[in-house]
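The values are calculated or read from the model by the stated rules, or taken from the named source; none is laboratory data. Everything numeric here is computed off the predicted structure, so don't read it as measured data. Cβ placement follows ideal geometry from the backbone for every residue including glycine, while neighbour counts extend to all protein chains displayed. Only protein heavy atoms, including side chains, enter the accessible area calculation; ligands, DNA and RNA are left aside. Shrake-Rupley method; radii C 1.70, N 1.55, O 1.52, S 1.80 Å.
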Amino acid sequence: MDNIEIRSAIDQRRTESTRFIRWWRKENDFVDFELLNKFLDRLSSGEDFAGFELLDTEQMWQALMNTCPGCACRENRGRGAVIVWHPGGDKRDTVELPYTDESIMTIFDAETRGNTLQ
């Protein structure tokens, strides 16, 4: 599937709640996760994809929890949901972020260092 085909397929499957994409190459050597809008913005000719899956925020949160168990937790606070993150699994080091798509992706990228195979 080239860049035109994947863009067309995304347009057909995309819903209002779709925020992320999980995609893989024909070589099947890795799986990548990205914010969908960033993926579409950087999509260029010459790329070849074997497949993809569109994810909503809750599905991406579950992907983070499955890939990096114990790295973060979600807490409801008076001002809304937040993510309590322990970078590198260090429980003494705590970062609190708003529960947003960007925060989930930031944590996922930092914890996996771009190395995902699922």
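Over the chain, give the accessible area per residue in Å² for a 1.4 Å probe, as an integer. Each step should come with its number before you reach the end.
On the way: 6820 Å² over 118 residues.
That works out to 58 Å² per residue.
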| task | Select one label from [x] 2, 11, 21, 22, 18, 12, 8, 5, 2, 0; [y] 2, 10, 12, 10, 8, 5, 4, 4, 5, 6, 8, 9, 9, 6, 3, 1; [z] 2, 9, 9, 9, 8, 8, 7, 7, 6, 6, 6, 5, 4, 3, 2, 1, 1, 1, 1, 1, 1, 0: the one whose number is P(r) over Cα pairs in 5 Å bins from 0, in percent as derived from the coordinates shown. | result | [x]
| note | Cys in the chain lacking any partner Cβ under 4.7 Å -> 73
| note | Once residue 43 and residue 79 are pulled to full extension, the length gained, defined as 0.36 nm per residue separation minus their Cα-Cα distance, is 9.4 nm
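If you roll a 1.4 angstrom probe over the protein chains with everything in place, what fraction of the accessible area of the chain belongs to carbon and sulfur, to the nearest %?
On the way: 3070 of 6820 Å².
Carbon and sulfur: 45 percent of the exposed surface of the chain.
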| request: Just need the relative contact order of the chain here, percent rounded to a whole number, with Cα pairs under 8 Å and 6+ apart. | output: 25 percent
| request: Once you have the Cα-Cα distance between residue 106 and residue 30, take 0.36 nm times their residue separation minus that, and quote the gain in nm to one decimal. | output: 25.5 nm
